[in-house]
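See structure below.
The values are calculated or read from the model by the stated rules, or taken from the named source; none is laboratory data. The structure presented is a predicted model; accordingly, all values stated were derived computationally and were not measured. Note that we place each Cβ from the backbone using ideal geometry, even for glycine, and neighbour counts take in every protein chain shown.
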Amino acid sequence: MSQKNPFQNYLEILENASKILGLSSKELKILQTPNRILEKEISIIGDDTHEKKFKAYRVQFSNARGPYKGGIRFHPEADIEEVKALAALMSIKCAVVNIPLGGGKGGVQCNPKILSDREISEISRGWVRAMADFVGPEKDIPAPDVYTNPEIMGIMMDEFEKIHGKSAPGFITGKPLALGGSLGRGTATAQGGVYVLEELIKIQNGTPEGMKVAIQGFGNAGLHVANILHSLGYKIVGVSDSHGALYAPNGLDPQQIATQKHEKGGLHHIYCEGNICDAKKLMADGVQIMTNEELLECECDILIPAALDRQIHEGNAGNIKAKIILELANGPTTPEADVILEEKGILVIPDVLANAGGVTVSYFEWVQNLANYYWTEEEVKEKLKKIMLSAFHDIVEFAQIQKISYRKAAFVLVVRRILEALKFRGRV
Ligand code: NAD
């Protein structure tokens with residue numbers, strides 16, 4: 001595992017882009033420095049009637065191109081360096097898909113798995129109360145991220161409206177449809193990734209049939225991408241969650257696995273109780289139990305990290321067998337691993353492009369909320385495809401001309417876009 005934290009990784013990628021662009025030290029400094037860092041404490045009364053305290057974060061990285069935009073993560077390992085890195089990546093990502101939004105990110109250091117629904121609801125309201133002066137439809141628009149969901153967004157919107165005494169659906173995206181959510185938002189991250197993956201395979205003259213896909217993470221991003229790719233004829237050979245992975249060389253039906261996971265409480269529990277696994281059932285289904293680490297190195301054509309950051313690092317990049325990596329997670333590959341993957345000729349569709357479908361449809365949701373006029377799912381998908389393919393071709397063409405990786409090309413292109421906005425504002 002890389003010793004560097006996610007923010008140091010962001011700085012390294014930025015510095016590489018800066019060398020290609022020949023940025024001045026003033027320009028580089030602006031791109032390295034968040035506009036505002038909010039670190040607060042949330043206090044709730046737990047179900048055991050004792051007070052529980054949690055660290056809460058919001059980093060507003062850049063609003064050069066529009067209001068800050070970015071999700072809120074509930075995770076035991078959420079910390080300020082991670083939130084800073086994710087906020088920076090949001091600024092880059094919104095510029096990659098060329099939408100008029102900046103970058104921010106939030107988090108609460110907590111473990112939702114050991115909290116009750118009531119406690120999670122109190123934490124969600126606490127986050128909004130702590131940040132209320134700094135967020136809002138024209139300032140900073142949050143959204144879901146790891147272990148937060150549409151229900152939590154609904155509760156947060158309710159708290160925001162209570163504080164400000166007015167309706168404000170545009171305060172937050174990823175809401176349930178009943179509260180002004182957008183059709184297509186649930187599957188947007190995965191769908192956007194699939195649009196660019198299919199386009200890459202098309203320009204390589206490949207076909208999806210039988211292409212083997214392994215996916216790390218089986219949540220919003222991971223499960224939806226598994227389902228969409230399965231329906232398009234790809235073979236889903238591996239899936240995983242925080243407890244471990246299932247690998248099946250002949251393919252898995254992701255929806256069936258999801259149903260069983262839901263019934264049993266985890267992928268691992270479909271076949272095992274504790275350390276004891278049902279060998280007969282495993283054999284009958286043609287499934288092997290693997291660790292998350294083994295899954296990343298399994299035999300497959302396409303690897304999709306869709307869980308946490310820094311999963312592909314210098315310790316395992318050399319063992320990766322996939323030919324394409326579609327980064328649905330944020331920051332899943334360290335800069336050291338990037339060098340190894342490039343040497344091996346593995347094509348990485350970088351996070352700032354691969355998972356930008358999520359923020360793109362979040363942008364659509366915000367636009368619909370502000371206009372109070374709602375689109376059909378077909379309209380959403382059509383507009384999403386157009387934006388994703390345009391961003392993809394910008395990056396691929398630039399990468400080919402410059403002979404650089406897609407990640408470097410994405411950063412160089414959008415650092416230019418952000419600097420252009422900063423110049424017109426007279427800030428550089
Ligand atoms: P989620 O909470 O819905 O799912 C996370 C999944 O990761 C779960 O299946 C969980 O079991 C698994 N996981 C957790 N720790 C793991 C570990 N150590 N090893 C393997 N799996 C582990 O979250 P999500 O919304 O699907 O987000 C996943 C990734 O995609 C994150 O990096 C997130 O920032 C990124 N992303 C999500 C969206 C979105 O719209 N949901 C948009 C852009 C980026």
Tally of residues being acidic (Asp, Glu) and away from the ligand (no atom under 16 Å from the Cβ) across the range 260-310: 5
Test: residue in the range 229-237 that is surrounded by fewer than 22 Cβ atoms within 10 Å (Cβ to Cβ), modelled with pLDDT under 95 and within 24 Å of Ile312 (Cβ to Cβ): no
Any hit, the range 127-138, residues being within 16 Å of the ligand (Cβ to nearest atom) and in contact with a helix residue (DSSP H, G or I) (Cβ under 6 Å, 6 or more places away or on another chain): no
Qualifying residue in the range 21-37 (condition: surrounded by fewer than 17 Cβ atoms within 10 Å (Cβ to Cβ), under 21 Å from Pro144 (Cβ atoms) and modelled with pLDDT of 95 or more): no
Options Thr360, Thr376, Thr333: the member that is assigned by TED's automatic domain parsing to the domain that holds Asp309 and over 11 Å from the mean Cα position of the chain (by Cα): Thr333
Within the range 262-288, tally of residues that are polar (S, T, N, Q) and either closer than 23 Å to Lys344 by Cβ or part of a loop (DSSP other than H, G, I, E, B) (or both): 1
The range 140-166 - residue that is among the charged types (D, E, K, R) and away from the ligand (no atom under 16 Å from the Cβ) and, of those, surrounded by the fewest Cβ atoms within 10 Å (Cβ to Cβ): Lys166
Top-ranked residue in the range 311-356 [being free of Cβ contacts under 8 Å to residues at least 40 places away in the same chain and of a type in the set (Asp, Glu); ranked as nearest to the ligand (Cβ to nearest atom)]: Glu327
Subset of the range 59-109 that is basic (Lys, Arg) and either farther than 22 Å from Arg129 by Cα or at pLDDT below 95 (or both) - its residue that is farthest from the chain's Cα centre (by Cα): Arg65
Failed item, numbered, when Tyr373 is tested on (1) buried (at least 17 other Cβ atoms within 10 Å of the Cβ); (2) part of a loop (DSSP other than H, G, I, E, B): (1)
Given (1) over 30 Å from Arg417 (Cβ atoms); (2) surrounded by 18 or more Cβ atoms within 10 Å (Cβ to Cβ); (3) within 17 Å of the chain's Cα centre (by Cα), number of the condition Pro112 does not satisfy: (3)
